[in-house]
Amino acid sequence: PRSTLFPYTTLFRSDRGAPYIVMPFLKGEPLDERLRSGELMPLADVLRIGREVAKGLSAAHATGLVHRDIKPANIWLEAPEARVKILDFGLARAVSENSGLTQQGAIIGTPAYMSPEQGRGAVVDARCDLWSLGVVLYRMSTGDQPFHGADTVATLMAVAMHEPPAPIKLNAELPLAYSDLVMKLLEKDPEKRVASADEVVQALQAMEKELIRKRESLEHTVAVAVPIKPKVSLDRV
């Protein structure tokens with residue numbers, strides 16, 4: 001894995017009147033580079049990364065901040081354990097602030113990962129980050145984007161009007177509970193969306209426990225099913 005400067009916790013310091021910037025130096029890679037391989041990620045990795053992103057968002061939302069630009073490029077997998085760090089809070093705003101479009105009409109965020117309410121310039125809250133997380137989970141588990149467009153306007157129209165197929169239809173190996181959670185995160189109406197990042201954390205934790213249980217059960221079944229060949233005595237040959 002490569003190394004880079006991690007920009008989220010930039011610190012401004014001065015030494016004898018000379019200002020300088022301090023940033024931690026981290027090893028690893030952004031999630032978008034991991035996804036460029038084109039290979040589907042193991043379900044265990046998808047669940048863990050999703051849970052850690054949701055946990056980070058929960059901490060931000062608890063302070064009243066909305067990130068507004070959750071996407072694979074802003075999810076850092078720190079080596080060697082691929083521990084998740086959420087990058088680039090440069091677009092973050094307090095929930096009380098008007099966080100739709102700029103005065104010049106420029107879009108704040110990344111269209112393919114932007115919630116419908118954010119795309120139309122409405123005031124947003126923490127649920128817009130949950131939508132974006134739903135898009136990230138969709139892509140990690142299926143290898144495909146739920147919303148496509150030839151340009152920004154077409155992408156925003158797809159986000160507002162298109163209903164993507166459930167993840168389980170693109171990847172039959174996914175648990176139904178996971179597919180349902182992603183589609184719940186991608187509800188157009190924020191009132192119908194999952195209510196909080198904490199709920200996402202709890203749901204993904206339950207799926208991780210179930211995955212571990214199934215693996216242990218399968219390993220036990222295989223161990224019992226493998227016959228033990230009796231030793232052949234040479235005296236009887």
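The values are calculated or read from the model by the stated rules, or taken from the named source; none is laboratory data. Being a predicted model, the structure only gives us computed values, none of them experimental. Neighbour counts run over all protein chains shown; Cβ positions are idealised from the backbone, glycine included. Surface areas here come from the heavy atoms of the whole protein model, side chains and all, with no ligands, DNA or RNA. Shrake-Rupley method; radii C 1.70, N 1.55, O 1.52, S 1.80 Å.
Compute the length gained on full extension between ILE212 and LYS27: take 0.36 nm times their separation in residues and subtract their Cα-Cα distance, giving the result in nm to one decimal.
So the chain would gain 63.8 nm between ILE212 and LYS27.
Efficiency by 1/(1 + (r/R0)^6): what FRET value for HIS148 and ALA44, r their Cβ-Cβ distance, R0 = 25 Å, to the nearest 0.05?
Values: r = 28 Å, r/R0 = 1.12.
FRET efficiency, HIS148 to ALA44: 0.35.
Just to verify a number: what accessible area does SER14 come out at with the full protein assembly present, 1.4 Å probe, Å² rounded to tens?
80 Å²
For VAL84, which sequence-distant residues (separation of 5 or more, or a different chain) have an amide H within less than 5 Å of its own amide H, given hydrogens modelled in the peptide plane?
Here GLU78 satisfy the definition.
What list of ³J(HN,Hα) couplings, whole Hz, do you get for the range 55-64 from phi and the Karplus terms 6.51, -1.76, 1.60, once you set θ to phi - 60° and write x for glycine and proline?
5, x, 5, 4, 5, 5, 5, 5, 8, x
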